[in-house]
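The next block holds one structure in the form of C-alpha cells; read it before the comments.
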Amino acid sequence: ACSGPCAPGHVCREGAVNNTEAQCGGPHVVCPIGSGAAVAVDEGDESVGGAGPDTRTATVQCVPGSWCSGGVRRPCPAGRYGSAAGLSTAACSGVCADGYECAAGSVSANTLPCRAGSYCRGGVIVACPAGTYSSALGLSRFGQCTPCPAGTASATPGLNDVAKCVPCEAPEGSGSGTTTCFPGLVSVVADDAPPKVPGLSDGDTLTLTFTRPTNRPDVATTAAVRQ
C-alpha cells in the first residue's frame, strides 16, 4: 500500500516516493490534497491557500472591486468599478459615472463625488482649467467650472476656492476667467506739435506708459500715438 495522499499544493505522479514530489506550478493552477495533476483555475476565480503562488490549494470567486485572470486577483483600475463578483477583465463593470471619481478597487459607479477644483467625465478626473475654480463637488463638465472674477487672474489649474484667484495689483486689471492681469496704464503725456495750443489737438503725440510690456508686438512699455 502507498504511504498516504500527496500534500496540498503539490503533485505526486505515479511512482512518487514522497508526498511533496513537485510543487503545483503557479497561481494559474491548484492542487488540493491527493493531487496527481494540477487543475487549471477558471477565469474570474482566484487561487488561494498554500505557502505561496506555486503551491495553491483551492479557488475562490473574485471579489467585487477586483478582476481575476490566471488565478491572480487585481483591483479594478482607477476610473472603473466592479460591482459584481467573478469579473475576469480589467474593464470590470464599466466606467465611473459622470460627476464621480472611482479609486482603484471601487465597487460602485457613484460613491465618491468628483473633488473640488475638478470635473469628472468618462472615469477621468480633469482639473478645472487655469483662470477658473470650483469649490463645489460633483462637477461633470468643463462649463461647470467658475471663471475667476474680473480683477483677478490665475495661471494655475485645479483651483478649489475663489480666494485662490490672485488679485491684480493696481493699476493692472483683468476680465473674468483670465490667466494673467493685463498691463496697467501709468501715464499719458501729450507733446504739442507747433503751433502750441491748450489741451489736445490734431498733430499732438500721446506717449502712453504701461506697467509692463503688453501682448501687442508693436507696444512695449511705452507707445506713441498721433492724435
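Looking at (1) in contact with a strand residue (DSSP E or B) (Cβ under 9 Å, 6 or more places away or on another chain); (2) more than 24 Å from Ala109 (Cα to Cα), find the lone condition where Ser83 falls short.
Among (1) in contact with a strand residue (DSSP E or B) (Cβ under 9 Å, 6 or more places away or on another chain); (2) more than 24 Å from Ala109 (Cα to Cα), Ser83 violates only (2).
If you scan the range 12-28, which residues turn out to be more than 13 Å from Gly52 (Cβ to Cβ) and in contact (Cβ under 8 Å) with a residue 40 or more places away in the chain?
Selection gives His28 alone.
Restricting to the range 142-163, give me the number of residues that are of a type in the set (Gly, Ala, Ser) and part of a loop (DSSP other than H, G, I, E, B).
Residues meeting the conditions: 5.
For the range 131-141, which residues satisfy the criterion of being part of a loop (DSSP other than H, G, I, E, B) and crowded, with 18+ Cβ neighbours inside 10 Å?
Within the range 131-141, Gly131, Ser134, Gly138, Leu139 qualify.
Here's the yes/no breakdown for (1) at pLDDT 95 or above; (2) touching a Phe, Trp or Tyr at 6+ places or on another chain (Cβ under 9 Å); (3) hydroxyl-bearing (Ser, Thr, Tyr):
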residue	(1), (2), (3)
Ser135	yes, no, yes
Gly138	yes, yes, no
Arg141	yes, yes, no
Gly151	no, no, no
Asn160	yes, yes, no
Cys168	no, yes, no
Glu172	no, yes, no
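Is it the case, given these coordinates, that Ser140 is hydroxyl-bearing (Ser, Thr, Tyr), under 30 Å from His28 (Cα atoms) and under 19 Å from the mean Cα position of the chain (by Cα)?
No.
I need a count of the residues in the range 1-48 that are of a type in the set (Asp, Glu) and assigned to a loop (DSSP other than H, G, I, E, B).
4
Since Ala16 meets every condition but one in (1) at pLDDT 95 or above; (2) surrounded by 14 or more Cβ atoms within 10 Å (Cβ to Cβ), which condition does it not meet?
Here Ala16 clears every test but (1).
Looking for whichever is surrounded by fewer than 17 Cβ atoms within 10 Å (Cβ to Cβ) and either in contact with a Gly (Cβ under 6 Å, 6 or more places away or on another chain) or closer than 18 Å to Asp42 by Cβ (or both) here; the options are Ala78, Ala85. Which one fits?
Ala85
The values are calculated or read from the model by the stated rules, or taken from the named source; none is laboratory data. For clarity, every value in this text was computed on a predicted model and none was experimentally measured. Because the Cβ atoms are built from the backbone with ideal geometry, glycine has one as well, and the counts that use them run over all protein chains shown.
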